[in-house]
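Take a look at the structure below.
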């Protein structure tokens, strides 16, 4: 106030001590007070009393206020990375700070996307970027781990820090299956988006076809996860989502369609007959010139062309000599699992190999545990695992808070942390496993607010 000669400032995490005036007081004659040494993740209470000994009333007591300090200081929020060429002085590519398994044959990790942008710009927890971390424990790789060596903020006891916090998410485990039983009858499941331009999402069970040939199947049933769920036969040039293809399929709403994509990542066209409910036979043929013809049958013997006066029952799709041929299923609803039953599968032409089962364009992760490793420049590192042994399949952003004492109990000096690693797999039982992709964001050290 205008009559104040000085101010008594009370500040404490103990509200009652501030109310009672028993917390240590600081007398200031300036209009500001600080900086203050405050702990992270703490609510502080404060009041300012106005003082003027020359007045009859020497002290005017102020109101009680409060504020809460930030919970975490940043270890890496992934916002500083860019895609600039290494010869640019401002270049800061994410995979040059977080080191994956490029030079470690047993380490199946890769940091960053294959092409620009290397950091993830869409699947983020906070800010504008997160770190894509690919894991691959197939073949000779037995673990997948990325490591950052700290160049600053190595004291993790700073301002009362007690926890390591990071956010992560992956993709769900696949819902796709393919089983035989009884002999000659196949049941498939899939949870996916659509088979449509410019890219597809479905489960595919296939062999390889060289040159001309055909495939026939009886679609016994397909569950209605969507009226446009699709179960049928397909010939496809590659297993990439945007590949050229042709497909004849049945839908739960009674439609049978001949769909094809003549150019990679191009438009898909449909020939439609809406009067052919399952169970029903569908057939797809390819001749030596690349002409694909769709037909159907009520009895599996007498096949007739799909009846579409506008787009017809045949189309030329130029593919490689060797293509994939098989059964395809799309739920056209990523929230529900579609089940289809097929029987009476037959092929003609040079068809080789056993049935192979693969998700095309369905983002999924193999279950793997996740861990964090802290290390000093000398001594043994310390590893802490997430409680969920299948953490890699967590498909929503999830905060993982680890008490720093868990690392200290294993011998890590928290006042001088040299590196942090994030990995997938079991470091105590190194062996091949699954593959997938997770995203990491907002790594911090501090203390969460009570």
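Sorted ascending by nearby beta carbons within 10 Å, beginning with the fewest, 44, 204, 10 become 44, 10, 204.
Among 276-282, 165-171, sorting by the average number of other beta carbon atoms lying within 10 angstrom of each residue, highest first, gives 165-171, 276-282. Ellipticity at 222 nm from helices only: DSSP H runs of n ≥ 4 in the chain, each -39500 (n - 2.57), divided by the residue count, give -500 deg cm²/dmol.
Normalised size of region 6-69, defined as Cα radius of gyration per 2.2 N^0.38 Å with N residues, equals 1.15. Of the peptides 411-422, 392-403, the order by per-residue mean of other Cβ atoms within 10 Å, starting with the highest, comes out as 411-422, 392-403.
Given the Cα atoms of the chain, and with Rh set as the inverse mean 1/r over their pairs in the Kirkwood sense, what is Rg to Rh to two decimals? List each step's numbers first, then the result.
Numbers: Rg = 31.5 Å, Rh = 26.5 Å.
Computed over Cα atoms, the ratio is 1.19.
Just order 253-260, 424-431 by mean Cβ neighbour count inside 10 Å, highest at the front, would you? Don't skip to the answer; put the middle values down first.
Values: 253-260: 21.4, 424-431: 16.5.
Order by mean packing, descending: 253-260, 424-431.
Contact order, relative form, for region 214-335: 31 percent (alpha carbon pairs under 8 Å, 6 or more residues apart, mean separation divided by residue count).
Roughly speaking, what % of Cα-Cα pairs in region 70-173 are separated by over 22 Å, rounded to a whole number? Summing the P(r) of region 70-173 above 22 Å gives 40 percent of all pairs. With neighbour counts taken as other beta-carbon atoms within 10 Å, the residues 203, 296 rank, fewest first, as 296, 203. Shown for 121, 239: other C-beta atoms within 10 Å of each C-beta, ranked fewest to most, produce the order 121, 239.
Treating each Cα of region 352-435 as one equal point scatterer and applying the Debye formula with no solvent, the log10 of I(q)/I(0) at q = 0.14, 0.15, 0.23 Å⁻¹ comes out as -0.61, -0.67, -1.15.
Compactness ratio for region 283-405: Cα radius of gyration over 2.2 N^0.38 Å (N = residue count) comes to 1.82. Across 141, 97, 151, mean-square fluctuation computed from a Gaussian network of the chain (C-alpha pairs under 10 Å connected) peaks at 151. Taking 289, 196, 161 in turn, the Gaussian network model of the chain (Cα-Cα springs below 10 Å) assigns the largest fluctuation to 289.
Per the Cα gyration tensor, region 148-281 maps to an equivalent ellipsoid with semi-axes of 44, 19, 16 Å, ordered largest to smallest. The share of C-alpha pairs in region 177-359 whose separation exceeds 19 Å stands at 51 percent. Have a look at 12, 32, 331 and tell me which one the Gaussian network model of the chain (Cα, springs below 10 Å) gives the largest fluctuation. Among 12, 32, 331, the largest GNM mean-square fluctuation belongs to 32.
Every read-out reported here was derived from the displayed coordinates using simple, explicitly stated rules and does not represent laboratory data. Bear in mind that the values here come from a model prediction, so they are computed numbers and not experimental data. When we count neighbours, we look across all protein chains shown, and the Cβ atoms used for this are built from the backbone with ideal geometry, even at glycine.
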